Amino acid sequence: MADRMAWLTGWVLLALVMVPVALMVMALWQQSADVLSMGFLLEDPGRAGRSGGIAALLISTGWILALCLLVAVPVGLGCALYLSESLPADSRRAQWLGGVLDMLAAVPSIVYGLFGYQFFAITLGLGFSILSGALALSLMVLPLMIRSAEQAMRAVPMGYRQARDALALSRWGWVRRILLPCAAPGIAVGIILSAGRALAETAVLLFTAGYVLRRPDSLFDSGRTLSVHIYDLAMNVPGGMPRAAATAVVLVALLVVLNLLVRRVLRQPMTEALV
């Protein structure tokens, strides 16, 4: 009886989570059904987004996301390795650094946007550009990336570390062959959460990447992302809600595809890692 109640409770909780998501996707699909097409994906926007598609926005979004992860993932993994392998979890330094990272993760995105504008756009002279937006986003998602990877690495069983010491395995061999493969699912979660937050961000990019509709020719050109385009269509363009909904559908689809790709790349059985 207890098992049956637990099973039923699990399904009820799952439904409570999935039903709002399904309703959201259905509402977006209904509003965007007349707009979504291959032309919408392949054409550049026109008339402030009232016509055309989102091809230029997909390019800008892809560049910003790729650069953001290119900076955040290596730096985040390096910091997580230091925290998990060099500092005991109960040490004062580890607790202090963890608290700082948690506070940074809770800082409102508009603050990162203002800092990115002042430092990257003004001080470094990058202006409103793809590069400014990507660097500001990497700063914003870095605390989340570090904490997720750190917890995943600390979760590796202590027995593996004892076996490493007994076998006199090198530090690099331990990290490459055992630690990272075992922590890969948790690292994947950190990358997915970081990418999701970066893709959904608007405030940071309004102050750093700008919002022009044309295709960027280089990393130093301004560019509008999908999330900024959704905001602009919904708030500033009369009759822009159907195209905003269509853009939102594409953004959700990108998040799902990215989720599946990251999990597939980082999913590696321990038997293969130990070969």
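At full extension, ALA66 and TYR160 could sit 30.5 nm farther apart than now, given 0.36 nm per residue minus the alpha carbon distance.
Beyond 33 Å, what share of the Cα-Cα pairs of the chain remains, rounded to the nearest whole percent? Write down the numbers at each step before the final one.
On the way: 12999 of 37675 pairs.
Here the tail beyond 33 Å accounts for 35 percent of pairs.
Under the simplified labelling scheme, the SER170-MET241 pair shows an inter-label distance of 6.2 nm, with each label point 7 Å from Cα along Cα→Cβ. Note on VAL252 and ALA48: the extension gain reaches 71.2 nm, defined as 0.36 nm multiplied by sequence separation minus the Cα-Cα distance. Could you tell me how far the Cα centroid of segment 220-267 sits from the Cα centroid of segment 142-197, in Å? The distance from the Cα centre of segment 142-197 to that of segment 220-267 comes to 31 Å. The radius of gyration of the Cα set in segment 112-235, together with its Dmax, comes out at 19.5, 62 angstrom.
How large a share of the accessible area of the chain, in percent, is made up of carbon and sulfur atoms when the probe is 1.4 Å and the other protein chains stay in place?
For the chain, the apolar C and S fraction of the accessible surface comes to 69 percent.
Calculated FRET efficiency, VAL75 to ASP3, Cβ-Cβ distance, R0 = 35 Å: about 0.15 to the nearest 0.05. The distance between label points at ALA234 and LEU260 comes to 2.5 nm (points 7 Å beyond Cα on the Cα→Cβ vector). Taking 7 Å steps out from each Cα toward its Cβ at LEU104 and ASP90 produces label points 2.7 nm apart. Plainly put, segment 14-152 has a radius of gyration that is 1.09 times its Kirkwood radius, both from alpha-carbon atoms, as the Rg/Rh ratio.
The values are calculated or read from the model by the stated rules, or taken from the named source; none is laboratory data. Quick caveat: nothing in here was measured; it's all calculated off a predicted structure. With ideal geometry, Cβ positions are generated from the backbone for all residues, glycine too; neighbour counts draw on all protein chains shown. Heads up: the accessible areas ignore ligands, DNA and RNA and are worked out on the full protein's heavy atoms, side chains in. Shrake-Rupley method; radii C 1.70, N 1.55, O 1.52, S 1.80 Å.
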